[in-house]
1. So which residues in region 17-37 are in a loop (DSSP other than H, G, I, E, B) and free of Cβ contacts under 8 Å to residues at least 40 places away in the same chain, if there are any at all?
2. Since Arg41 meets every condition but one in (1) within 20 Å of Gly138 (Cβ to Cβ); (2) of a type in the set (Lys, Arg); (3) open to solvent by 60 Å² or more (accessible area, probe 1.4 Å), which condition does it not meet?
3. Here is a list: Pro12, Pro52, Pro34, Pro87. Which entry is modelled with pLDDT under 95, over 17 Å from the mean Cα position of the chain (by Cα) and of a type outside the set (A, V, I, L, M)?
4. State all residues of region 87-132 that are of a type in the set (Gly, Ala, Ser) and in contact with a Leu (Cβ under 6 Å, 6 or more places away or on another chain); if no residue qualifies, say none.
5. Checking Ala139 against (1) assigned to a loop (DSSP other than H, G, I, E, B); (2) at pLDDT 95 or above; (3) not β-branched (Val, Ile, Thr), which test does it fail?
6. Of the residues that make up region 102-115, is at least one of a type in the set (S, T, N, Q), assigned to a strand (DSSP E or B) and under 19 Å from Arg156 (Cα atoms)?
7. Find the residue count for region 47-85, including only residues that are open to solvent by 30 Å² or more (accessible area, probe 1.4 Å), of a type in the set (A, V, I, L, M), outside any strand (DSSP E or B) and touching a strand residue (DSSP E or B) at 6+ places or on another chain (Cβ under 9 Å).
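The values are calculated or read from the model by the stated rules, or taken from the named source; none is laboratory data. None of the values given here were measured: they were computed from a predicted structure. Here the Cβ positions follow ideal geometry from the backbone for every residue, glycine too, while neighbour counts run over all protein chains shown. Heavy atoms of the whole protein, side chains included, go into the accessibility calculation; ligands, DNA and RNA do not. Shrake-Rupley method; radii C 1.70, N 1.55, O 1.52, S 1.80 Å.
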Amino acid sequence: MEVAPMPTVGHPSGLSPQLPTIELTLPDGWSAGPGGDALFRATRGTGADLTPELTAYVHTSRETTTDELVAALVLEAREEEDGEADPTFEVVLEDRTWTGLNVSWVEVGEHAYVIHLITPVEAGEVTQFVHLSGHVTGADSEADYDEIQGILETVRVTPAAPASRTGEGG
């Protein structure tokens, strides 16, 4: 009696493709470190409290949309003390359209401002949503925000090569 092959899951695969390459150019005084739950994290100076910070994430899905991801970020911001969200905007960087969202709230007695940029990257059976986030807090937040915005404008995203069909699941 022949036994049917068992399904496999793997990475990379059709449902878990390799990640795109994401690059930002950091100015003097900024450094990159391990990302933790993010793909990468960059801070100015020592990374102490109230230091501007940039992070990058990728959300992979068959069904999620940019609008749904933005709605979750709006809800998250509004759950914070004095949380607010501005209307979304679109920006084209390196021939790629990004949806932007600015949110703010009060954090440790200081106003925190976060700029989010999200762009979809088609990856075969799924879409990979590249999500960049810049966070500033404190007395210098206006100048820090301008610096973060300038760094985000250097973003380059290169989709990964298609995965081999070694694993069918994600």
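1. Applying the first criterion (in a loop (DSSP other than H, G, I, E, B)) to region 17-37 yields 17-20, 24-29, 34-37.
Correct list: Asp28, Gly29, Pro34, Gly35, Gly36, Asp37.
2. Failing condition for Arg41: (3).
3. Numbers: Pro52 fails: over 17 Å from the mean Cα position of the chain (by Cα); Pro34 fails: over 17 Å from the mean Cα position of the chain (by Cα); Pro87 fails: modelled with pLDDT under 95.
Only one candidate passes the filter, namely Pro12.
4. The one that is of a type in the set (Gly, Ala, Ser) and in contact with a Leu (Cβ under 6 Å, 6 or more places away or on another chain): Gly100.
5. With (1) assigned to a loop (DSSP other than H, G, I, E, B); (2) at pLDDT 95 or above; (3) not β-branched (Val, Ile, Thr) applied to Ala139, the lone miss is (2).
6. no
7. Number of matching residues: 3.
Quick grid of which residues meet (1) of a type in the set (D, E, K, R); (2) more than 20 Å from Ser61 (Cβ to Cβ); (3) in contact (Cβ under 8 Å) with a residue 12 or more places away in the chain; (4) surrounded by 13 or more Cβ atoms within 10 Å (Cβ to Cβ):
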| residue | (1), (2), (3), (4) |
| --- | --- |
| Glu110 | yes, yes, yes, yes |
| Tyr113 | no, yes, yes, yes |
| Thr119 | no, no, yes, yes |
| Glu122 | yes, no, yes, no |
| Phe129 | no, no, yes, yes |
| Gly138 | no, yes, yes, yes |
| Tyr145 | no, yes, yes, yes |
| Gly150 | no, yes, yes, no |
| Glu153 | yes, yes, yes, yes |
